[in-house]
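Q: Sharing a structure, written as C-alpha cells. Questions coming.
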Amino acid sequence: MIHINIGSNLNSNYGSKFNNISIAIKQLVNAKIKIKKISNFYETPSYPNKELPKFANIGLIGEYEFTCSKLIKKILLIEKKIGRIRSKKNDPRVCDIDIIDFNGVIINNKDLSLPHPRCHNRNFVLFPIKEIDPKWTHPILKKNVDFLINRLDQNSRIEITRLHKSVII
C-alpha cells in the first residue's frame, strides 16, 4: 500500500482548498492510482506562521503498479496543473501532494526520501493515517501510528480538527 497526503491552503482556478484536494485526487486516479480509502478533511494552522490561511489535508491509501520515481513525476505535474507555484519554503500553496510511504520502501537520495522524512512529526499526516489505516507502522522507526501520535507535543494534538466533510470525487 502507498500512503499519500494532500494539502491546500489557497483557492485556485478550481475553487476552494477543498476543491483543489478533490481535483488532485481525481488526477491521481487518472495517473493509475487505485485508491482504497480516503480520510475525512483535517484542518490545521499553517506552520510556522499561523497568521497564514489554515490548511486542509487528507490522507489516502492506494495501490500503484509502477515505480515511486514515476509516481513523483506524476505528482509534480498534478501540482503544477492545479496551479502550484514553488517559491519559498512554507509559503501558502494551492496544492501539496506528498508520498508518505510507498510499500514500505526506504529511499534517501536527492530526488526522493521515503518514508517522508518528517511524517512522524506531523499531525496532519498522522491523524488521517490513524483514521484510514490504524495498524500502519513507520517503515524505519518500526513504531505504529498511535505511538507516533502520542509522541506529538500537546499543541500538535489539539491544533488539528477533523472536519465532518468528505472528499467529493
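Q: Being touching a residue at least 60 places away in the same chain (Cβ under 8 Å) and either in contact with a helix residue (DSSP H, G or I) (Cβ under 9 Å, 6 or more places away or on another chain) or not in a loop (DSSP other than H, G, I, E, B) (or both) narrows it down to one of LEU77, LEU28, so name that one.
A: After applying the criteria, what remains is LEU28.
Q: Here's another thing I want to ask about it. Considering only region 135-152, state which residues are of a type outside the set (Asp, Glu), outside any loop (DSSP other than H, G, I, E, B) and more than 10 Å from HIS120 (Cβ to Cβ).
A: THR137, ASN144, ASN150
Q: When the residues of region 23-40 are narrowed to those that are surrounded by fewer than 21 Cβ atoms within 10 Å (Cβ to Cβ) and of a type outside the set (Lys, Arg), which ends up nearest to the chain's Cα centre (by Cα)?
A: ASN40
Q: Right, next: Determine whether ILE35 is part of a helix (DSSP H, G or I), touching a residue at least 24 places away in the same chain (Cβ under 8 Å) and among the aliphatic types (A, V, I, L, M).
A: For ILE35, the condition - part of a helix (DSSP H, G or I), touching a residue at least 24 places away in the same chain (Cβ under 8 Å) and among the aliphatic types (A, V, I, L, M) - is not met.
Q: Do any residues in region 154-169 that are over 12 Å from ASN40 (Cβ atoms) have Cβ atoms under 6 Å from those of residues that are part of a loop (DSSP other than H, G, I, E, B), where the two are at least six apart or on different chains, and which pairs are they?
A: GLU159/PRO45
No value in this document is a laboratory result; all are computed from the given coordinates. Computed from a predicted model, the values in this text were never measured in an experiment. Cβ sites come from the backbone with ideal geometry, for glycine too, and all protein chains shown count toward neighbours.
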